[in-house]
Amino acid sequence: MTATVPETQTGAAAAVTTWLSAFSEALAAGDPAAAAELFLEDCYWRDLVAFTWNIKTCEGRAAVAEMLRETLPGLQPGNWRITDGEEAADAGGVIEAWIDFETAVGRGHGHLRLRDGRCWTLLTTLEELKGHEEPRGLSRPMGAEHGASRDRTTWLEKREHEASELGFTAQPYVLIIGGGQGGIVLGARLRQLGVPTIILDKHGRPGDQWRHRYKSLCLHDPVWYDHLPYLKFPANWPVFAPKDKIADWLESYTTIMELNYWGNAEAKSAAFSEATGEWTVNIERDGQPMVLRPRQLVLATGVSGKPNLPSFPGMDRFRGDQHHSSVHPGPDAYRGKRCVVIGSNNSAFDICGALWENGADVTMVQRSSSHIVKSDSLMEIGVGALYSEQAVAAGMTTEKADMVFASLPYRIMHEFQIPLYDQMRERDKDFYDRLESAGFDHDWGDDGSGLFMKYLRRGSGYYIDTGAGDLVANGDVKLAKGQVDHLTEDAVVLDDGTELPADLVVYATGYGSMNGWVADLISPEVADKVGKCWGLGSDTTKDPGPWEGEQRNMWKPTQQDALWFQGGNLHQSRYYSLYLALQLKARAAGIPTPVYGLQQVYHRS
Ligand SMILES: Cc1cc2nc3c(=O)[nH]c(=O)nc-3n(C[C@H](O)[C@H](O)[C@H](O)COP(=O)(O)OP(=O)(O)OC[C@H]3O[C@@H](n4cnc5c(N)ncnc54)[C@H](O)[C@@H]3O)c2cc1C
């Protein structure tokens, strides 16, 4: 390696600079093989849009070389350096550094881990497009236009003018269907990037998605994990925000970020024309039919948005109340009633807990095993290092925490998770013993890697215990186990013949893949073409292989031109919306976006 290492650099920093300069030389020489030689055989290069115009992890030296062979022409990566103000560090034989770089069209940020002088993990992310930077800091808008002008229009007049034109005499470049947090934060980023965008939601007001959920719901994730882009929650914001408070925040955010948000607007159907490169989207706004013709269509209709409502014999005969957890109104009407909740994950526990607190007679029906972690243990052991008041005090920012998270390749992430869940298992042993003695079928994920991997792999199968776990462990909430065979007029009957008398049945039976929305809105053929959304292909329960290494279809190009998916928890919506917004902006600006490694489709739903 020929490197110019500044004399002031020693140790870890010198090792990083040496590596970066050799890497930079190999890339500048258009030599993928030489660049790949700088990686360990067993290496991971995760790229978020900067090299691949895709979200892609290359695993192993050969995959790195192959990716570079296709992406290098025209890319002009250069100016590789340790990020200003950051220092490289040696952590037990692994040298780590934050890095910056540029390509012909953008500026990037990333993270590097070296072992024995070679790259073990590399994260490259596109931060901004040259010539299309967000107007902030020194280039923030003036607001006031000093001087004298007879044509002066105010900010409000301009906003009203835009709202009167967009969707009527001017078409949005992007249409986002679904105005939950996913649609809203993507809309906020596109607004800053100057991409004309409309967000549609069938609900009346932003935040209604949260308002309509069961009344006891508070976020299970802590505030440091939940910030939206641009506008952080204030320092007095509760650790676990109640759902109606989050709803109000989303509504205010939509106004402050100047989004074109159409409430009471439902997308009814959509079709893409290969000939014109345009979508035709039929909508109903305030009961009136309308047509929109965007170039790009984003479904932000919710990973937990399409209820899985089971179909059991006898549901039509049952005389009590029955509904999916997504429309459960809360416990008020069920004091003293016999309530059967089918399911044993987050919603089931939350709903059972609230019903019990309200004096109902509650039975949970567990159909398959579930994973439970105590909220305080998860906060301390699972997320505290990156997202907590202590992390903030130690200088951790949300942005940096997101990047650290992103720098861990999915293929080996479970190896980092398993020891954390081993600690939780030890710490809360008494609780798990009681839970299992109560007959609860508990698991830690197929490989013991716990909640976060379950979330990424299947998006289900767990409860973050905020108190209802003890109700099941001590028998206050009764536990029944087995499959539902049928319903009678006043009971749920299990496959072993157990009869559970019921005035209320709640189906806490989860949600379907987002490509179900594609089938409803576009066509079953396009839904099949696009395939399953979510999951890594880990070949664990409910995450069938083959290995994809990234979440299927999320935030990246799909097999259907100009169709995108945005969603996930608040952390994912915040972080990945940047990369989706940049992909959309590049297309709007006519920047070539050759996609490397477009994912194959193996599963239809
Ligand atoms: C009970 C529960 C608790 C959760 N707790 C947390 C938590 O603590 N922390 C966290 O980060 N995440 C949590 N999540 C997960 C996730 O963050 C939420 O589901 C969140 O609401 C997802 O946001 P979204 O914007 O992707 O989708 P949603 O909020 O589901 O919004 C989708 C929107 O699309 C609209 N829509 C659908 N079809 C159409 C159409 N044809 N036309 C117009 N509009 C349409 C719907 O009206 C809806 O408003 C929870 C989820 C559930 C169900």
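The values are calculated or read from the model by the stated rules, or taken from the named source; none is laboratory data. Keep in mind the model is a prediction, meaning the values are calculated, not measured. Every residue, glycine as well, gets a Cβ built from its backbone with ideal geometry; the counts of neighbours run over all protein chains shown. Surface areas here come from the heavy atoms of the whole protein model, side chains and all, with no ligands, DNA or RNA. Shrake-Rupley method; radii C 1.70, N 1.55, O 1.52, S 1.80 Å.
This table checks each residue for (1) farther than 25 Å from Tyr511 by Cα; (2) touching a Leu at 6+ places or on another chain (Cβ under 6 Å); (3) more than 16 Å from the ligand (Cβ to nearest atom).
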| position | (1), (2), (3) |
| --- | --- |
| Tyr334 | no, yes, yes |
| Val341 | no, no, no |
| Ser347 | no, no, no |
| Leu355 | no, no, no |
| Met379 | yes, no, no |
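Among the residues of the range 280-298, those that are open to solvent by less than 50 Å² (accessible area, probe 1.4 Å) and assigned to a strand (DSSP E or B) comprise Thr280, Val281, Ile283, Met290, Leu292, Gln296, Leu297, Val298. Quick check: is even one residue across the range 269-276 within 14 Å of the ligand (Cβ to nearest atom), buried (at least 21 other Cβ atoms within 10 Å of the Cβ) and either more than 25 Å from Tyr462 (Cβ to Cβ) or at pLDDT below 95 (or both)? The answer is yes; a qualifying residue exists. Within the range 364-377, the residues that satisfy the criterion of being touching a helix residue (DSSP H, G or I) at 6+ places or on another chain (Cβ under 8 Å) and either open to solvent by less than 10 Å² (accessible area, probe 1.4 Å) or part of a loop (DSSP other than H, G, I, E, B) (or both) are Met364, His371, Ile372, Val373, Ser377. The single condition among (1) in contact with a strand residue (DSSP E or B) (Cβ under 9 Å, 6 or more places away or on another chain); (2) open to solvent by 50 Å² or more (accessible area, probe 1.4 Å); (3) within 23 Å of Tyr575 (Cβ to Cβ) that Thr254 does not meet is (2). On the basis of being open to solvent by 10 Å² or more (accessible area, probe 1.4 Å), closer than 27 Å to Gly179 by Cα, away from the ligand (no atom under 16 Å from the Cβ) and over 21 Å from the mean Cα position of the chain (by Cα), does Ala588 make the cut? So Ala588 passes the test.
Those helices (runs of 4 or more DSSP H) of the range 395-504 in which at least 1 residues are crowded, with 16+ Cβ neighbours inside 10 Å and of a type in the set (Ser, Thr, Tyr), considering only elements entirely within it, cover 398-406, 410-427, 429-437, 450-458. Of all residues in the range 160-173, which are within 16 Å of the ligand (Cβ to nearest atom) and either out of contact with any Pro (no Cβ under 8 Å at 6 or more places or on another chain) or more than 12 Å from Arg293 (Cβ to Cβ) (or both)? Once the filter is applied, which keeps residues that are within 16 Å of the ligand (Cβ to nearest atom) and either out of contact with any Pro (no Cβ under 8 Å at 6 or more places or on another chain) or more than 12 Å from Arg293 (Cβ to Cβ) (or both), the range 160-173 yields only Gly167. Looking at the range 580-605 only, could you name the residues that are hydrophobic (A, V, I, L, M, F, W, C) and either in a helix (DSSP H, G or I) or touching an Asp or Glu at 6+ places or on another chain (Cβ under 6 Å) (or both)? Matches in the range 580-605: Leu580, Ala581, Leu582, Leu584, Ala586, Ala588. Look at (1) of a type in the set (Asp, Glu); (2) under 30 Å from Leu435 (Cα atoms); (3) part of a loop (DSSP other than H, G, I, E, B) and you find that Asp316 fails only one, number (2).
With respect to the conditions (1) charged (D, E, K, R); (2) more than 27 Å from Ile184 (Cβ to Cβ); (3) open to solvent by 30 Å² or more (accessible area, probe 1.4 Å); (4) touching a residue at least 12 places away in the same chain (Cβ under 8 Å), Asp561 lacks only one, and its number is (2). Residues in the range 279-293 that are under 17 Å from Arg587 (Cβ atoms) and within 14 Å of the ligand (Cβ to nearest atom): Trp279 alone. The set of residues from the range 40-81 being aromatic (Phe, Trp, Tyr), over 20 Å from Leu536 (Cβ atoms) and open to solvent by 10 Å² or more (accessible area, probe 1.4 Å) comprises Trp53, Trp80. The residues of the range 552-579 that are of a type outside the set (Gly, Ala, Ser), in a loop (DSSP other than H, G, I, E, B) and more than 13 Å from the ligand (Cβ to nearest atom), listed by number, are Arg552, Asn553, Lys556, Pro557, Thr558, Gln559, Gln560, Asp561. Is there a residue being of a type outside the set (Phe, Trp, Tyr), touching a residue at least 60 places away in the same chain (Cβ under 8 Å) and under 25 Å from Trp262 (Cα atoms) anywhere in the range 152-160? Checking the range 152-160: at least one residue is of a type outside the set (Phe, Trp, Tyr), touching a residue at least 60 places away in the same chain (Cβ under 8 Å) and under 25 Å from Trp262 (Cα atoms).
Would you confirm whether or not the range 209-221 contains a residue that is assigned to a helix (DSSP H, G or I) and without any contact (Cβ under 8 Å) to a residue 40 or more places away in the chain? Checked against the condition, which is being assigned to a helix (DSSP H, G or I) and without any contact (Cβ under 8 Å) to a residue 40 or more places away in the chain, the range 209-221 yields at least one hit.
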